[in-house]
Amino acid sequence: MRTIQVVNVRWYNATAWYGVTLAHCLRKAGHESLVAGLAGTPPLEKAKELGLPVAALPFNTQTPGGLFGLWRGMDDLVRDFRPDIVNCHRGEAFILWALMKKKHGFALVRTRGDRRLPRSGAVNRWLHCSAADAVISTNSLMTRHFADVLHVPSGRLHTILGGVDTGRFHADPQAGAAVRRRYGFSDDDVVMGLLGRMDEVKGIKESIVALARARERSAEARRIRFLVIGFDSEFTTEDVARWTREQGLGGLGEVVTVTGRVSCPEDVICALDFGILASLGSEAIARAALEIMACGVPLISSTTGVMPDLLPAEYCFEPGDTQIMAERMIQALDVAWRNKLAQVCLDRILKGGLTLDDFLAATMKVYEGILPDGNVPPFHD
């Protein structure tokens, strides 16, 4: 099987990770897979790192001349690569792929890993209900929207949450202990970690506010140390330092620590007593959550995006609700509570269909289901 994964994203976010990871899984399973995206962007660089063929095209162009050039480039790419399936992970140029399908006869898939719900206009209904042979959603909220609002037929609609590399992300007590020593954490410290880019949507400020509230309500909560596993982005380390001082938590390195870029996030995750995903929005895929859970680290989370698909409600809180966040932090001080949650998280990955093998198998089932008799479609040159 030959597939093109269209990942026209300007940064390596969860959508890009989903598409590039899928291409890599397909390639390792013996299927030719090419990643198409925007020139000079991290998704294409990551695909190259993994040994995948790539194609750079101006998918996000809106000018008449740019669209004409894009159409010719897409046509050349399809003629050269001869895909059986084109899987679009972004909506830009999706309509062009739908038209290209009519010309060349490949099967077309739209994977929606974006937190924004698609509009219900006539064009979107045609694209998702008729032009696409299959629509893949990365969380149940999006699936319900496709079914109830766009009326995508059930036979075309699939939910695949993604998958995590359990060969890389797994419990490693020795690596975790080394990281704890590096950051000066003691055995008595209860280390809470947030993994993700330092943007407003990730809820870092809210986590600091909640931690201050937890310390006010429980003397035991003064044992919690907060490790922000991230680097300067929309917010900087100085922003985190300011919020920490404003909440009376001292300077950076006392209660709150920012790691900066880390080469082995799996080691840092293993140093945590529990993780927190405090996102105010987004998390349509929640790569960080999958990685934390795969390491057997208990995770508390907001209810945004895919998280209700991953964790029971008793371990969650509404986005931005610092009172309930503080309550969850206090609960996480109890070792038995953490151990129970750690098992819930690990079982969700290993028994709940969230390994990379599961990810590949679920996607292949969709792909094989849209090809004639499970075979490749006729290619029209």
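Some points to look at:
- Among strands (runs of 3 or more DSSP E) entirely within region 161-279, having at least 2 residues that are in the same structural domain as ARG328 (by TED's automatic domain parsing) and within 25 Å of THR303 (Cβ to Cβ) singles out 190-195, 224-229, 274-277.
- When residues in region 61-93 are screened for being under 27 Å from THR21 (Cβ atoms), at pLDDT 95 or above and in contact with a Lys or Arg (Cβ under 9 Å, 6 or more places away or on another chain), 10 of them pass.
- Matching residues in region 124-160 - criterion: being loosely packed, with under 13 Cβ neighbours inside 10 Å and either in a helix (DSSP H, G or I) or not assigned by TED's automatic domain parsing to the domain that holds LEU96 (or both): SER130, ASP148, SER154, GLY155
- Among (1) over 28 Å from GLY296 (Cα atoms); (2) buried (at least 21 other Cβ atoms within 10 Å of the Cβ); (3) not hydrophobic (A, V, I, L, M, F, W, C) - the single one GLY121 does not satisfy: (2)
- In region 309-326, residue nearest to ILE349 (Cα to Cα) [restricted to those that are charged (D, E, K, R) and free of Cβ contacts under 8 Å to residues at least 24 places away in the same chain]: GLU314
- Considering residues of region 102-114 that are in contact with an Asp or Glu (Cβ under 7 Å, 6 or more places away or on another chain) and of a type outside the set (Val, Ile, Thr) only, the residue surrounded by the most Cβ atoms within 10 Å (Cβ to Cβ): PHE106
- Subset of region 29-42 that is touching a residue at least 12 places away in the same chain (Cβ under 8 Å) and closer than 23 Å to ALA362 by Cα - its residue that is surrounded by the most Cβ atoms within 10 Å (Cβ to Cβ): ALA36
- So LEU26, is it in the same structural domain as THR143 (by TED's automatic domain parsing), surrounded by fewer than 15 Cβ atoms within 10 Å (Cβ to Cβ) and of a type in the set (A, V, I, L, M): no
- Residues of region 286-295 that are part of a loop (DSSP other than H, G, I, E, B) and at pLDDT 95 or above: CYS295 alone.
The values are calculated or read from the model by the stated rules, or taken from the named source; none is laboratory data. The structure presented is a predicted model; accordingly, all values stated were derived computationally and were not measured. Neighbour counts run over all protein chains shown; Cβ positions are idealised from the backbone, glycine included.
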